[in-house]
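Values quoted throughout were computed directly from the atomic coordinates according to the rules given, and no laboratory measurement underlies them. Everything quoted here is computed from the prediction, not taken from an experiment. Here Cβ is always computed from backbone atoms with ideal geometry, including for glycine, and neighbour counts include all displayed protein chains.
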Amino acid sequence: MSEYISTADHAARIRATLKAKHKITSRQVSIRSDNYSMGSAIRITVNDPTVSAKLVEGIAAPSESIDRDQFVDILSGGNRFVTVRYSDDALAVIGGRYLAVVQAAADELATLPDKSSSLIPIAGTPFLLGCPQNWGYSLWETDHGHKQQANDVQGIARALGCLMLERGHKRPPRVETTPTLRLVPPPAVEAPHTYGCQAATKLGHACCCPATLTPHVTQEA
């Protein structure tokens, strides 16, 4: 017969594994265990925006125990649920890393006549932004299809940030920008407005003809 392990002990084991294998502290990831009449739960909150929730899920998953019937419906009583989520502050930071590039893609998408059938690459990522049926936004991956749906660009940025964090990207994407070329007009040649061409010639000055802006020396009559 297998040894009984309480929900609190499972939570303690998750903390210990995070610290021993990944040097993740309780301040970075908080873990709570609760018991109630029909079962128990382990609630995990990732507070550090550099920690992947997917990593934490992989460590915590073996602690979950859910009984199901032949139709895969959950049976009531004795179940132990495990949930992993980011704190609101961490999620804001994660989404903020990608908000600018998602907004740029959304702005480009808005200029297209048929937004619902278009996908715009999100700079610095392998993802694309879509706008299905002219409502909300959808997130797509180049090689793996549809990933997420959200009402606004903030929601897409958060989803994108979480997906990129799972792949080890903890900083905003580096986007190569083309320098803006600015045409600078040539300096204007100032004409001697205080005296005429003949006076300028007598004094040894060159004057500027306003009609052509071509400097010339006026011959004395």
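Mind giving me the nanometre distance, one decimal, between the label points for T111 and H144, set 7 Å out from Cα along Cα→Cβ?
Result for the modelled spin labels: 3.1 nm.
Looking only at the range 119-152, which residues have a backbone nitrogen under 15 Å from a spot 7 Å from the Cα of R174 in the C-beta direction?
Under 15 Å, as judged by backbone N against the label point of R174, lie 124-125 of the range 119-152.
Any chance you could check the Cα centroid distance between the range 8-34 and the range 111-173 for me, in angstrom?
Measuring centre to centre over Cα atoms gives 32 Å.
In the neighborhood of E64, defined by Cβ-to-Cβ distances under 11 Å, what is the net charge if each Lys or Arg adds +1 and each Asp or Glu adds -1?
0
Is the shape of the range 1-116 rounded, prolate or oblate, going by the alpha carbon gyration tensor and its root eigenvalues a ≥ b ≥ c, with a/c under 1.5 for rounded and a/b larger than b/c for prolate?
oblate
If we count every other residue with Cβ under 10 angstrom of M164's Cβ, Lys/Arg +1 and Asp/Glu -1, where does the sum land?
+3
Scan the range 1-78 for chymotrypsin sites (Phe, Trp or Tyr not before Pro) in coil per DSSP, keeping those whose Cβ has at most 11 other Cβ atoms within 10 Å, and list them by number.
Y4, F71
In nm, what is the difference between 0.36 nm times the number of residues separating M38 and A104 and their Cα-Cα distance?
In short, 18.9 nm is gained.
Assuming R0 = 22 Å, what is the FRET efficiency of R27 and V93, from their Cβ-Cβ distance, to the nearest 0.05?
0.90
Arrange the following residues from fewest to most other Cβ atoms within 10 Å of their Cβ: M38, M164.
Sorted ascending by nearby Cβ count, the order is M38, M164.
State whether the range 94-166 is rounded, prolate or oblate according to the following rule on the C-alpha gyration tensor (a ≥ b ≥ c being the square roots of its eigenvalues): a/c under 1.5 gives rounded; otherwise a/b larger than b/c gives prolate, and the remaining case gives oblate.
Prolate.
Of the listed pairs K21/K170; K21/K147; K54/K170, which have alpha-carbon separations greater than 21 Å here?
The pairs that break the limit, which is 21 Å between Cα atoms, are K21/K147.
Which FRET efficiency value, to the nearest 0.05, do you get for R68 and A20 by plugging their Cβ-Cβ distance into 1/(1 + (r/R0)^6) with R0 = 41 Å?
Computed FRET efficiency for R68 and A20 comes out at 0.80.
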